[in-house]
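J.: Quick one: the structure is below, and I'll ask about it shortly.
The values are calculated or read from the model by the stated rules, or taken from the named source; none is laboratory data. In this text, all values refer to a predicted model and were calculated from it rather than measured experimentally. Cβ placement follows ideal geometry from the backbone for every residue including glycine, while neighbour counts extend to all protein chains displayed.
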Amino acid sequence: MAAEVLSTHNLTVHVYDAMPSVGRKFLMAGKGGMNITHAEPAEQFITRYGTRQAQLKPLLQAFSTTALREWVHNLGIDTFVGTSGRIFPVDMKAAPLLRAWLHRLRNTGVQFHMRHRWLGWDAQKNLRFETPTGILATKPDTVILALGGGSWAKLGSDGQWIALLLQQGITAAPLKPANCGFNTHWSDYFQTRFAGTPLKNIAIKFEDTRHITHEKSGELMITAHGVEGSLIYAISALLRDKIEADGHALIHLDLAPNKAVAEIVRELAHPRGSRSMASHLQSRLNIKGIKSGLLRELVPSDAFADAVQLANAIKSLPVKLTSTRPLDESISSAGGVQFEDLNNALMLNRLPGVFCAGEMLDWEAPTGGYLLTACLASGYAAGKGALAWLQKNSGIAS
């Protein structure tokens, strides 16, 4: 996105990438359906960025969700709004969008250099790259770093850039998992039987470090190690911070969110005759499969004989989360270059002419189009910032 901004002003633009092909994480983001942004109102949209709302708001005003959607349309890709408010390309795929974008960039003169791994700066302030043909040194008029976070390192963003910036006196907040799964302890039987099974039509309740209670409905996935999925990702930052503060996080699952405790007690108290408890739960409350398995996993056996205890467990089943899954498994990462080290144009205060964009900045957001939108908006802002800096310092006409 930064290259696109600059290439429309008759500038020579080079994009260096360590990977063999462009946009590998972009393509991965579209693997399950390319969610480009979200249709919710701007005042609600900005709240998804938590403690970094103030820093991201001007970026998202300059390149809004509406502007992003128009940009996609101008590439010849139609979009639609899903029932959840998420916006997708009509074919749901990332590859056609990326192909059209790269074709337009190359037509405007952007030059791509693949398998060029950035090694930092040399004593003469040249950028150094490790390439298939040896070390390359080059000294551009301005530099935009868009080096990613620390998740899915095999796609290129491995966080090694932190050490390179540290050599220049620039520190970054440690990279941490975001939109990630969490570990808990399942029995061998439960893990073998239910790992990989979705847990649908539930609600989750959780109290964060500020003693604020959060309640959300949706679904999650049971894994061999614990839990993940959209319902978990939505509060993953809060869960991660709670674990960092207290050593664990306790969530409560409501397996029957549309029923009150009293109603469940009445259904459980209904005579079941010779039927098993599993059959009784299924026929009276439609609790079966993974939900029934969770009750057997987490509720003491004697509670099944007490309708009130069992009803309360169904409405508030405690699950203790002990740690996040590894950073490399997470969808995105928190941490990175802090906005306090950048000016409003995303230029590093200590390195004039060097700008930063994307996930390497210290912000995070849930899935739902928020990640991609902020990445593109920051690229747009860095491109605009670099252009203004060039016009002021290199005599380039507007």
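J.: Looking at region 117-144, I want the residues that are assigned by TED's automatic domain parsing to the domain that holds LEU348 and on the phi > 0 side of the Ramachandran plot and have a partner that is surrounded by 15 or more Cβ atoms within 10 Å (Cβ to Cβ) and not in a strand (DSSP E or B) with Cβ atoms under 6 Å, at least 6 apart or on another chain. Which pairs are those?
T.: GLY120/LEU164
J.: Looking only at region 45-76, which residues are under 19 Å from PHE88 (Cβ atoms) and loosely packed, with under 14 Cβ neighbours inside 10 Å?
T.: THR66, GLU70, HIS73, ASN74, GLY76
J.: Answer yes if at least one residue in region 259-268 is closer than 23 Å to GLN191 by Cα, touching a residue at least 12 places away in the same chain (Cβ under 8 Å) and surrounded by 13 or more Cβ atoms within 10 Å (Cβ to Cβ), and no otherwise. Outline the logic, then answer.
T.: First pass over region 259-268, keeping only residues closer than 23 Å to GLN191 by Cα: none.
There is no residue in region 259-268 that is closer than 23 Å to GLN191 by Cα, touching a residue at least 12 places away in the same chain (Cβ under 8 Å) and surrounded by 13 or more Cβ atoms within 10 Å (Cβ to Cβ).
J.: Which count do you get for residues in region 236-257 that are touching a strand residue (DSSP E or B) at 6+ places or on another chain (Cβ under 8 Å) and closer than 18 Å to ASN201 by Cβ? First the steps, then the outcome.
T.: We begin by selecting, within region 236-257, every residue touching a strand residue (DSSP E or B) at 6+ places or on another chain (Cβ under 8 Å); these are 236-240, 242-243, 248-255, 257.
Now drop any that are not closer than 18 Å to ASN201 by Cβ, which leaves 251-255, 257.
Adding up the residues that qualify gives 6.
J.: Something else: Here's a check for you: in region 339-392, which residue that is of a type in the set (Asp, Glu) and assigned to a loop (DSSP other than H, G, I, E, B) is surrounded by the most Cβ atoms within 10 Å (Cβ to Cβ)?
T.: Applying the first criterion (of a type in the set (Asp, Glu)) to region 339-392 yields 340-341, 359, 362, 364.
If we keep only those that are assigned to a loop (DSSP other than H, G, I, E, B) too, we end up with 362, 364.
Numbers: ASP362: 24, GLU364: 27.
Checking each candidate, the answer is GLU364.
J.: Suppose we keep only residues that are outside any helix (DSSP H, G or I) and β-branched (Val, Ile, Thr) within region 269-308. Which one would you say is farthest from ASP188 (Cα to Cα)?
T.: Looking at residues that are outside any helix (DSSP H, G or I) and β-branched (Val, Ile, Thr), I get ILE287.
J.: Follow-up question, since we're still on this one. Looking at the structure I just gave you, is ILE251 at pLDDT below 95, of a type in the set (Val, Ile, Thr), buried (at least 16 other Cβ atoms within 10 Å of the Cβ) and on the phi < 0 side of the Ramachandran plot?
T.: Working: at pLDDT below 95: no; of a type in the set (Val, Ile, Thr): yes; buried (at least 16 other Cβ atoms within 10 Å of the Cβ): yes; on the phi < 0 side of the Ramachandran plot: yes.
Answer is no for this residue.
J.: Among the residues of region 224-235, is any part of a helix (DSSP H, G or I), surrounded by fewer than 18 Cβ atoms within 10 Å (Cβ to Cβ) and within 23 Å of the chain's Cα centre (by Cα)? It would help to see each step written out before you state the result.
T.: Looking only at region 224-235, we keep the residues that are part of a helix (DSSP H, G or I), and these are 230-233.
The next check asks that each one be surrounded by fewer than 18 Cβ atoms within 10 Å (Cβ to Cβ); those that pass are 230.
Restricting the remaining residues to those that are within 23 Å of the chain's Cα centre (by Cα) gives 230.
Among the residues of region 224-235, at least one is part of a helix (DSSP H, G or I), surrounded by fewer than 18 Cβ atoms within 10 Å (Cβ to Cβ) and within 23 Å of the chain's Cα centre (by Cα), which makes the answer yes.
J.: A follow-up question, please. State the number of residues belonging to region 306-338 that are over 17 Å from ASP241 (Cβ atoms) and either free of Cβ contacts under 8 Å to residues at least 40 places away in the same chain or touching a Leu at 6+ places or on another chain (Cβ under 7 Å) (or both).
T.: The total comes to 11.
J.: Tell me the strands (runs of 3 or more DSSP E) entirely within region 1-89 that contain at least 3 residues that are modelled with pLDDT of 95 or more and under 30 Å from ARG128 (Cα atoms).
T.: Result: 14-16.
J.: Restricting the search to region 190-217, which residues are outside any strand (DSSP E or B), in contact with a Lys or Arg (Cβ under 9 Å, 6 or more places away or on another chain) and either basic (Lys, Arg) or in contact (Cβ under 8 Å) with a residue 40 or more places away in the chain (or both)?
T.: Result: PHE190, single match.
J.: Kindly indicate whether MET92 is assigned to a loop (DSSP other than H, G, I, E, B) and more than 23 Å from GLY149 (Cα to Cα). Write out each step before concluding.
T.: On the way: assigned to a loop (DSSP other than H, G, I, E, B): yes; more than 23 Å from GLY149 (Cα to Cα): yes.
Criteria met by MET92.
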